[in-house]
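Here's the structure we're looking at; comments come further down.
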Amino acid sequence: MTTKPTNRAFRRRTALLLATLLATGSSALAQVAHPEKWPARKASVLVDRQAERTIDRMLARMTLEEKIGQMIQGEIRSVTPEDLRRYPLGSILGGGGAAPLGATPRSGPAPWVASRRAYDAVALEARPGHEPIPIIFGFDAVHGANNIRGATLFPHNVALGAARDPELIRRIGRATAEESAASGIEWTFAPTLAVPQNDRWGRTLEGYSEDPALVASYAGAMIEGLQGRAGLARPIARGFVAATAKHFVGDGGTHDGVDQGDTRVSEDELIRIHFAGYGPAIDAGAMTVMASFNSWNGQKMHGNRSLLTGVLKERMKFGGFVVGDWNGHAQLPGCTADHCAAAFNAGVDMAMAPNDWKALFANTLADVKARVIPLARVDDAVRRILRIKLRLGLFGTPRPYETKPEVVGSAQHRALAREAVRKSLVLLKNDGVLPIKANARVLVAGEAADQISQQSGGWTLTWQGDGNTNADFPNAQSIWAGLAEAVRAGGGTATLSPTGAYDTRPDVAIVVFGETPYAETAGDLATLEFEPGDKRALALLKKFKAAGVPTVSVFLSGRPLWVNPEINQSDAFVAAWLPGSEGGGIADVLVGTADGRARHDFTGRLSYSWPRRADQFALNRGAPGYEPLFPLGFGLAYAHGGQTPRLSEDPGLDAASVNRSVVFSRGQVRAPFALQADPAIRQEPVDTEQAQGGALRFGWSGTAPVRLRFTGPVLDFAREAKADHGLSLTLRVIGQPAQAPIIALAGGRLSGAGLVAAPGTWQTMLIPFACFAAAGADFSRITDYLTIEASAPLALDIAEVKLVGGADPAKCPARP
Ligand code: BGC
Ligand code: BGC
């Protein structure tokens, strides 16, 4: 690897200068929108005169408590059906990885339908003075009904963008709606209409494109696919669900690509780029809009009345309701998860209050009584929620799809997902090795080749998409299984070898590798370099190259990444994104006939620009100095190939200098964190199910600390400690220690008893920063990051340690 220090120093200085300019300039950018600048609409497609009269009558009968209840959504893991008798909540959500009532996570549709009915049984109970109103049950069906076992998993949005096919999107929406409805769920928190502008952002995979026009062309199609066409006078009931246009607005524009960060742009740019999908979504009748975690020029969206009310509801005549994001209200100044008048007053109609719904209910009620929240605001919010419940046909007969579990993972839906996989593959290089002759001897290598969880990414059965095995995907096919099927059908031989070892020399090796699953903040990156400092895939490719075996790289990722060295070592390189359950779609395009003709050509074209260097974070067409490796819209095909010259292997930026979130991954400490273990602790690599040497074993022979120190300039997590961030540790304990370990972060000490609770099994523990802060941690200037103090006879296998969002500060380990 060659580096040019002078260049690099120059770039760093320029970046610093720019950052200073931006920071000082940001105060000059407005936070209050001017609605007259925004597109306008005359009326809402969701408002029907007759339904409004029904709502008038309901509102007249409802108590104030019942109205407040409608405005609050709790999470299935913390609300029982009986709770609804005292707290008449309007909605329940199942968060990523949630289990239905009385069942385990990764359940099929039946217990979900039963849960939904159990809540409604109480909500609709005839009780004196009670207005029976069905709950609305929501979950994140972001690439199919992805929380349901056996569901069809469509490629993530980053892949669908490459297909450039709005009709395909509409059909996917329809299929997702059917599978959700069959699982008792009538509302999905999708589609994400983010227009990601910085590929470091962990949610880039949830956006269709960096190009606002492409997002706009998909938005209406997806809403109509999920909800059916707008403008119908009758309720939507035949297997359609309510959609959510999210996250309003500017989620994809945060400074540095930091999740939940600040979008520092002018109002014109907010409209032109980040709002692009909302006009078409609202025209298509989007029933709900989710307020975003991000700020606009320093002000959190959950509190931005000018945008939520002035622009969205008044100017755009959005007639549905605004749902908050997961405790998103808690991030407003002066607010907490259990108390926040400001969000309701700004225009949030329903707060997503997963755990703190009880106290939020009491506090909101008090706020309305004290006129801190006007009653008219409450009536408006409840009217909007009832409007959607009526349109969804929730009152009255059960929804027809609740008795159709067979649509979940049906052959027809899987065929559609497979078509989507074929259409979203982007061919970046082909020096003639593709298509593979079906009668060839094919070796399929790479850690990801036979991992359905990895090809599916985050938001798959669990929130982070972690902890799943192939057995958890009954209606799915791994990439390896699809390739094997195609090659064997064509008379060839296919062998799976994740490590790349072989006895008989293959004609070609297909190497499947890429990002491991993540969601939200956990996916934020320091740089765009793939496998910084590790380069396992590259090593594998080099091995084949040295042996003269031609290689085809199948790269799985939620965004474009800097893979120049890997491209150089490959004879063909395919960006396969996160294809989901239908691995066979890859074989459809890569494996041709026995005489070498293609069965399907590549048609996918990049919906994100591909970086030439690892420091091209905000690489978007039209931006100054646009110098991509592959521009937006790029994609080779069999019909029109092209030669790829050797690429520079200078990443442009030192990854370690900017990493703040990943302390430990795949069993290795990540720079600029450094490991300091007492000599009384043995260290040895151990394998995990995902990777050889995927964890590091620490074996204690006395009492001693393991320290993970931050060696970079300044680590300041004060903001993260106030929001819902925490430390996620993936580990396995071997043996029982004499006394419970102590786990310390930034100087706050907590009992590590939870770490050693379940010996022998892999577990992921999430400890909120807030808990360490309560124990005295100082997050504003961290040097000693994490310390684990333990004693013999204990061994810990640590696979991963990283910063994530979504920690529940109420769940603190004890103090030692
Ligand atoms: C995410 C939303 C999601 C919600 C519920 C939040 O953390 O930002 O996109 O819909 O959780 O899972
Ligand atoms: C939930 C997700 C949610 C996240 C919020 C998780 O515990 O399962 O659905 O998006 O928290 O940060």
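Throughout, read-outs are computed from the coordinates displayed, never taken from laboratory work. Note that the structure is a prediction, hence the values are computed from the model and not measured. Here Cβ is always computed from backbone atoms with ideal geometry, including for glycine, and neighbour counts include all displayed protein chains.
With a cap of 10 neighbouring Cβ atoms within 10 Å, and only residues DSSP puts in a loop, list the trypsin sites (Lys or Arg not before Pro) found in segment 407-486. Write down the numbers at each step before the final one.
Details: sites: 414, 418, 422, 423, 429, 437, 441; in loops: 437.
Passing sites in segment 407-486 do not exist.
Report, in whole Å, the centroid distance computed from the Cα atoms of segment 527-585 and segment 724-741.
Spelled out, the Cα-based centre of one part sits 33 Å from the other.
Rounded if a/c is under 1.5, else prolate if a/b is larger than b/c, else oblate: which is segment 35-169, with a ≥ b ≥ c the root eigenvalues of its Cα gyration tensor? Intermediate results must be reported in sequence, preceding the final value.
Working: a/c = 2.54, a/b = 1.15, b/c = 2.20.
Oblate is the answer for segment 35-169, as a/c is 1.5 or above yet b/c matches or exceeds a/b.
In the chain, what percentage of the DSSP-assigned beta bridges are antiparallel, given to the nearest 5?
Taking every DSSP beta bridge within the chain, about 60 percent pair in antiparallel fashion.
Apply the Karplus parameterisation 6.51 cos²θ - 1.76 cosθ + 1.60, with θ equal to phi minus 60°, to every residue of segment 594-603 and state each ³J(HN,Hα) to the nearest whole Hz, in sequence, with x for glycine and proline.
These are the phi-based 3J(HN,Hα) values: 5, 9, x, 8, 6, 8, 9, 8, 6, 10 Hz.
5 Å is the cut-off here: which amide hydrogens, built 1.01 Å from N in the peptide plane, fall below it relative to residue 72, excluding neighbours closer than 5 in sequence?
Amide H to amide H, under 5 Å and 5 or more residues apart or across chains, residue 72 pairs with 90, 91, 351.
If we count every other residue with Cβ under 14 angstrom of residue 414's Cβ, Lys/Arg +1 and Asp/Glu -1, where does the sum land?
Numbers: positive: 171, 418, 422; negative: 178, 179, 406, 419, 485, 582, 588.
Every neighbour counted, the sum reads -4.
Where does each of 784, 120 land when they are ranked from fewest to most other beta-carbon atoms within 10 angstrom? Each step should come with its number before you reach the end.
Values: 784 15, 120 21.
The fewest-first ordering by Cβ neighbours comes to 784, 120.
Give me the net charge for the shell around residue 476: Cβ to Cβ below 12 angstrom, other residues only, Lys and Arg +1, Asp and Glu -1.
Details: positive: 149, 414, 418; negative: 450, 472, 582.
Charge balance near residue 476 sits at 0.
Give the relative contact order (percent, whole number) for segment 494-643; include only Cα pairs under 8 Å separated by 6+ residues.
Working: 197 pairs, mean separation 29.5, N = 150.
Relative CO of segment 494-643 lands at 20 percent.
Determine the distance separating the Cα centre of segment 768-790 from the Cα centre of segment 291-322; give it in Å without decimals.
35 Å
For a 21 Å ceiling on Cα separation, which of these pairs sit above it: 313/389; 246/389; 246/802; 67/369; 37/389; 429/542? The partial results should precede the final answer.
Details: 313/389 18 Å; 246/389 19 Å; 246/802 26 Å; 67/369 13 Å; 37/389 32 Å; 429/542 17 Å.
Exceeds cut-off: 246/802; 37/389.
Could you go through segment 323-338 in sequence order and give the Karplus-derived ³J(HN,Hα) for each residue, using 6.51 cos²θ - 1.76 cosθ + 1.60 with θ = phi - 60°, rounded to whole Hz, and x for Gly and Pro?
9, x, 8, 3, 6, x, 4, 5, 8, 6, x, x, 9, 10, 4, 9
How do 512, 574, 122 line up, fewest other C-beta atoms within 10 Å first?
122, 574, 512
To test your reading of the geometry: what angle, between 0 and 90 degrees and rounded to tens, separates the Cα axis of helix 375-391 from the longest principal axis of the chain?
That works out to roughly 70 degrees.
List 765, 301, 352 from most exposed to least, where exposure is judged by having the fewest other Cβ atoms within 10 Å.
Taking fewest neighbouring Cβ atoms as first place, the list is 765, 352, 301.
If you keep only loop residues by DSSP, which chymotrypsin sites (Phe, Trp or Tyr not before Pro) in segment 633-716 have at most 14 other Cβ atoms within 10 Å of their Cβ?
Details: sites: 634, 638, 664, 673, 698, 700, 710; in loops: 634, 638.
Here no chymotrypsin sites (Phe, Trp or Tyr not before Pro) fit, given the DSSP loop and packing criteria.
Quote the FRET efficiency, to the nearest 0.05, computed for residue 502 versus residue 114 with a Förster distance R0 of 56 Å and r equal to the Cβ-Cβ distance. Please report the intermediate quantities before stating the final value.
Details: r = 49 Å, r/R0 = 0.88.
For R0 = 56 Å, the calculated efficiency reads 0.70.
What percent antiparallel are the DSSP beta bridges of segment 7-405, to the nearest 5? Intermediate values should be presented prior to the final figure.
Working: 3 of 25 bridges.
Rounded to the nearest five, the antiparallel share is 10 percent.
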